Amino acid sequence: MKTKSCYSLFVFLVALGLSACNSNKTKISTQSIDEINLKRGDMIVCSPGKTEFGTLEFMTSCNGKAKEDFNTGVKLLHSFEYEEAEKMFAKVIDGDPECAMAYWGVAMSNFHPLWSPATVDELKKGNKAIEIAKLIGNKTKREEAYINAIAAYYTNWEKTDHRTRCLKFEQAMKDLHTTNKDDNEATIFYALSLVAAADPADKTYAKQKEAGKILNTLYAQSPNHPGIVHYIIHTFDSPELAELALPAARKYASVAPSSAHALHMPSHIFTRMGLWEESIQSNLNSVSSAKCYVEAAGIKGHWDEELHGLDYLVYSYLQNGDNAHAKQQVDYLHTINEVYPANFKIAYAFSAIPARYALENKLWQQAAGLQFHRANFDWQNYPWEKAITHFARVLGGVNTGNLPAARNELDELRRIHKRLLEQKEVFKADKVLVQVKASEAWILFKEGKNIEAIQLMQTAADVEDKTGKHPVTPGDVLPARELLGDMLMQMNKPCDALKAYKASLSKTPNRFNGLYGACVAAEKCGNKDDAKLYYKQLLKITRLVNPNRPELNSLKKMAG
């Protein structure tokens, strides 16, 4: 009798245990999944040969059959191929709806830490995915920590700004990294969170240096990991640190050749260092891959990654004196009217590319008459990008003697600056403030008020130095300190101008107009050695093209 009672108790306890285990397996309804509105379909790849996105291993407790698809999704995440990444995580969910980490992947695919903030639709999607992930009971503590980390970004997204949520994500990733020291993926995503949370105004680059130290340690162990090599480039994407990322920049395209972004991303460092030929090749490859993607995906019009590459491509052509190819791309841009998705990258490209071409070549009449490109987005939603065209018009008006028109454009810049401040877009407001001060300076200069003009132009340059460039763009349309040098030259102050050009070139090396200005200023200042040095640098960066820039012909007498 006693034996029978013990057996009954044993059966009861086993049943209770099984019941508890089963309670951890939350059944996710098809309706809940459908409400996420997942992107689905075959992964689109545009590269010769086999599909390559790098090498990594991300351990999860999910269905074994989904392991390869999950790893591919994470690889795509690391190369910012967000749409394709979401497709792979959706595929995992379709095969294993209780795979909590697949919903984490969806949330990460809609979080763009180094691009523009997530849209309302993306925030809703990511938040919904996290809500489902939290309901699933059969998660490891490590997986729960990953889910809680990205949840920190989405929590109260309606009431908190992007930067505040990035800081919360950074802290959560730090906790995850601290408690999972052997998890390389946690470490890599923590490094990314540091870069995402870095203050653009912090010129000590404290967070970037911390991230760089972490990533470089891992790079020695895993040189083909797409996230490590990619984030090293972003981490050191500044004038002071760029050289540290050059090995990674020259490696990334071979690590993930199937990613258009991986083909483009090295040009961030090439641009920082003035390596124009490498930047041009990088972006030719990227643009070609982006065009292939459009065709394969059946996208109506063009893909934003193509315009992003075009922005860098035109900038690089202009710096090595290749006006012919730069003009081809500008003309091609004018044929583009529809781009997917509509975002700040395409608004920036539509505004910056024609402005760069006109301003770099001092085509003042053309600059004064620049128009806003008609495309599938509302320019009113992109005030910072819109300001570029107004600024180009100011300089065009100033240099064609139409000061009333220049003042009208300056008024528009002031309105945009005020709007950005009201929206608490501090970085963008500061970028427009540089344009406001530079515009005021040039108008005063044309009015004969030289002292006030120099003071304002110096202020513009100082603000620009403190602000830095946006991580997505190749650089400011015209460096403010280079513009200061141009103004000083027109005031017949070549020695002061030479100092300004030198300071500008220290942050934006090998810029064509910076080198040309420094060369002429040095010659007029009586500094023959510097004049020859800058002339030789101009010859070096233009050596592989047949430059049709008249500036070079005027400098031939300095060769020696």
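Just so you know, all these numbers are worked out from the coordinates, no wet-lab data involved. As the structure is a computational prediction, the values presented were derived from the model and not from experiment. Please note: Cβ atoms are built from the backbone with ideal geometry, for glycine as well, and neighbour counts cover all protein chains shown.
The local environment of VAL255, defined by Cβ-Cβ distances under 15 Å, has a net charge of +2 under the rule Lys, Arg +1 and Asp, Glu -1. For the chain, the longest principal axis of the alpha carbon atoms and the long axis of helix 480-490 meet at an angle near 0°. Between TYR357, HIS390, PRO494, whose Cα lies farthest towards the positive end of the dipole of the chain when Lys and Arg beta carbons carry +1 and Asp and Glu beta carbons carry -1, centred on the Cα centre? The Cα lying farthest towards the positive end belongs to PRO494.
Shape of the stretch 262-400 from its Cα gyration tensor (a ≥ b ≥ c, root eigenvalues): rounded if a/c is under 1.5, otherwise prolate when a/b > b/c, or oblate?
Values: a/c = 1.96, a/b = 1.19, b/c = 1.64.
Oblate.
Counting only alpha carbon atoms, the long axis of helix 120-135 and the longest principal axis of the chain meet at about 30°. For LYS251, the lysines whose Cα comes closer than 21 Å to its Cα, not counting residues fewer than 8 places off in the same chain, are LYS50, LYS75, LYS209, LYS213.
I'd like the FRET efficiency for THR178 and SER506, computed as 1/(1 + (r/R0)^6) with the beta carbon distance as r and R0 of 41 Å, rounded to 0.05. Provide the component values of the computation, followed by the final result.
Numbers: r = 38 Å, r/R0 = 0.93.
Efficiency for this residue pair is about 0.60.
Other residues within the sphere of radius under 15 Å centred on the Cβ of LYS65, judged by their own Cβ, net out at -3 (K and R +1, D and E -1).
Per residue, the convex hull spanned by the Cα atoms of the stretch 14-170 measures out at 129 cubic angstrom.
Of VAL229, VAL463, the sequence from fewest to most neighbouring Cβ atoms within 10 angstrom is VAL463, VAL229.
The phi torsions of the stretch 371-383, fed into the Karplus equation with coefficients 6.51, -1.76 and 1.60 and a -60° offset, translate into couplings of 10, 7, 5, 7, 8, 8, 7, 9, 4, 5, 7, 10, x Hz, rounded to whole numbers, with Gly and Pro shown as x.
Arranged from fewest to most other beta-carbon atoms within 10 Å of their beta carbon, CYS495, CYS62 become CYS495, CYS62. With respect to the chain, whose longest principal axis is taken over its alpha-carbon atoms, helix 528-541 is tilted by about 50°.
For the stretch 337-348, the Karplus equation 6.51 cos²θ - 1.76 cosθ + 1.60, evaluated at θ = phi - 60°, returns couplings of 10, 9, 9, 10, x, 6, 7, 5, 4, 6, 4, 4 Hz by residue, with Gly and Pro reported as x.
Compute the relative contact order of the chain as a whole-number percentage, counting only Cα pairs closer than 8 Å that sit 6 or more residues apart in sequence. Value for the chain: 10 percent. In a simple Cβ point-charge model (Lys, Arg +1; Asp, Glu -1; nothing else charged), the chain has a dipole of about 680 debye relative to its Cα centre.
Near TRP303, the amide H atoms lying under 5 Å from its own belong to TYR340; only residues 5 or more places off or on other chains count, and H is placed 1.01 Å from N. Across the stretch 405-560, the relative contact order, built from alpha-carbon pairs under 8 Å that are at least six residues apart, equals 13 percent.
Quick one: net charge of ASP411's neighbours, Cβ under 14 Å, K/R +1, D/E -1? Within the 14 Å Cβ shell, the charges total +4. Spacing of the modelled spin labels on LEU552 and ASP42, each 7 Å from Cα toward Cβ, amounts to 4.6 nm.
What's the extension gain from GLN31 to ASN138 if we count 0.36 nm per residue and subtract their Cα-Cα distance?
Once the chain is fully extended between GLN31 and ASN138, it gains 36.5 nm.
Projecting label points 7 angstrom from Cα along Cα→Cβ for ILE451 and ASP378 puts them 4.8 nm apart. Using θ = phi - 60° in the Karplus curve 6.51 cos²θ - 1.76 cosθ + 1.60, the 3J(HN,Hα) couplings for the stretch 407-423 round to 5, 4, 5, 4, 4, 5, 4, 5, 5, 5, 4, 4, 4, 5, 5, 4, 7 Hz; x is entered for Gly and Pro. Each of SER554, SER288, SER259 has some number of other Cβ atoms within 10 Å of its Cβ, and from fewest to most they run SER554, SER288, SER259.
Please pull out the direction-averaged projected area of the stretch 193-247, using the convex hull of its alpha-carbon atoms, in nm² to one decimal place. Projected over every direction and averaged, the Cα hull of the stretch 193-247 covers 3.5 nm². Within the same chain, lysines fewer than 8 places from LYS449 are excluded, and of the rest, those with a Cα less than 21 Å from its Cα are LYS437, LYS493. Under the 0.36 nm per residue contour assumption, what length would be gained going from the current alpha-carbon distance of GLN423 and GLU210 to full extension? Length gained, GLN423 through GLU210: 73.6 nm.
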